[in-house]
Amino acid sequence: QVQLVESGGGSVQSGGSLRLSCAASGYTYNTYYMAWFRQAPGKEREGVAAIDSDGSTSYADSVKGRFTISNVNAKSTLYLKMNDLKPEDTGMYFCAADGDWPFGEYNYWGQGTQVTVSS
């Protein structure tokens, strides 16, 4: 079965950077759309960034210019590089695979990794 495991979360100050990783197994990597979602306390889950097998990307307006999604640095690892982090970026970040472009329903989900940004 497909497994997605996120890592790289942590606590940083405003303006700092983090790189999240999603290790994928159980399917041929880069054959599905993949995406990062996040959920802040008291808010609904929202799509953050998505990538297809050809490298095309889509970003939420709130993270454009600051976040970069990629899958070119490893065969089975999806990355989310986050720069200039803001307190509103705080939340649980989830890796997802095999969904509707770019932030629709996805079939596979990781457990999540926590990102906390302080002022």
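Data for the structure
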{"item": "When residues of the stretch 104-115 are limited to those that are part of a loop (DSSP other than H, G, I, E, B) and touching a residue at least 12 places away in the same chain (Cβ under 8 Å), the one farthest from residue 1 (Cα to Cα)", "result": "112"}
{"item": "Residues that are assigned to a strand (DSSP E or B), under 13 Å from residue 21 (Cβ atoms), without any contact (Cβ under 8 Å) to a residue 60 or more places away in the chain and of a type outside the set (S, T, N, Q), drawn from the stretch 65-103", "result": "69, 78"}
{"item": "Some residue of the stretch 87-103 being surrounded by fewer than 20 Cβ atoms within 10 Å (Cβ to Cβ) and closer than 17 Å to residue 2 by Cβ", "result": "yes"}
{"item": "Residue within the stretch 16-24 that is open to solvent by 80 Å² or more (accessible area, probe 1.4 Å) and in contact with a Lys or Arg (Cβ under 8 Å, 6 or more places away or on another chain) present", "result": "yes"}
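The values are calculated or read from the model by the stated rules, or taken from the named source; none is laboratory data. Small disclaimer: the values here were computed from a predicted structure and weren't measured. Please note: Cβ atoms are built from the backbone with ideal geometry, for glycine as well, and neighbour counts cover all protein chains shown. Side chains are part of the model used for accessible areas, which takes the heavy atoms of the whole protein and leaves out ligands, DNA and RNA. Shrake-Rupley method; radii C 1.70, N 1.55, O 1.52, S 1.80 Å.
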